[in-house]
1. Which of the residue pairs Lys11/Lys34; Lys66/Lys151; Lys29/Lys133; Lys11/Lys123; Lys128/Lys152 have a Cα-Cα distance greater than 21 Å in the structure shown?
2. Can you list the HN-Hα couplings for segment 68-83, worked out from phi with the Karplus curve (6.51, -1.76, 1.60; θ = phi - 60°), rounded to whole Hz and with x for Gly and Pro?
3. With label points built 7 Å along Cα→Cβ from the Cα atoms of Lys56 and Ile130, find their separation and express it in nm.
4. Give me the extension gain from Arg24 to Glu154: residue separation times 0.36 nm, minus the current Cα-Cα distance, reported in nm with one decimal.
5. For the residue pair Asp72 and Lys13, what label-to-label distance in nm results when each label sits 7 Å from Cα along the Cα-to-beta-carbon direction?
Amino acid sequence: MSRRFRDTVDKPKNAFVIVVRMGRSGHPKILLQKRRGGPGDGMLGLPGGKINGREKPEAAARRECKEETGIDLTSLDYAGKNQDAAIFVSQTYKQRIDGPERRYRNEVDVGWRFNGHMWYPYKVQNGKVIIEKPDIRIWGYTQQALDLASKKLEAFL
């Protein structure tokens, strides 16, 4: 689904993506990464970052996700705008596997952890997304983005 932003005032400065995959148990999981430096240092966040020049938010979300995780997003669903960031949800993707086979894996084949990122199970309660793992620290900005997309994430449950 494509979303057009009317002008530079409406256009977000950042784009983040919530990547979802179904776990072996049939319960969906969200990909989170440990933030390094800057705001939220040491906390868990979403893949994403700055939108460059005339780049569209969808293109920025795809590029940032590929740069940070190695995942090629094959579809994006616009979830909304959170402060100055466009938030997208994607369940369909391919991950490039380096090595002699040099092939792509889909969401069913991808393991629980790769490239320093981890998959976390979640649930939705009263419009809030709750990561089902004790003692983790989620960056406030990330929690806001997850809650913004709660209706879309609830559809996977």
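Here, each number is a calculation from the coordinates, and none is a lab measurement. Note that the structure is predicted; figures quoted are calculated from it, not measured. In this analysis, Cβ positions are derived from the backbone assuming ideal geometry, glycine residues included, and neighbour counts consider all displayed protein chains.
1. Numbers: Lys11/Lys34 27 Å; Lys66/Lys151 25 Å; Lys29/Lys133 11 Å; Lys11/Lys123 30 Å; Lys128/Lys152 12 Å.
Beyond 21 Å: Lys11/Lys34; Lys66/Lys151; Lys11/Lys123.
2. Taking θ as phi minus 60°, the curve returns 8, 10, x, 9, 8, 7, 9, 8, 9, 10, 5, 9, x, 10, 10, 6 Hz for segment 68-83.
3. The answer from the label model is 3.8 nm.
4. Numbers: separation 130, 0.36 × 130 = 46.80 nm, distance 1.81 nm.
Additional length available on full extension: 45.0 nm.
5. That separation, rounded to one decimal, is 3.3 nm.
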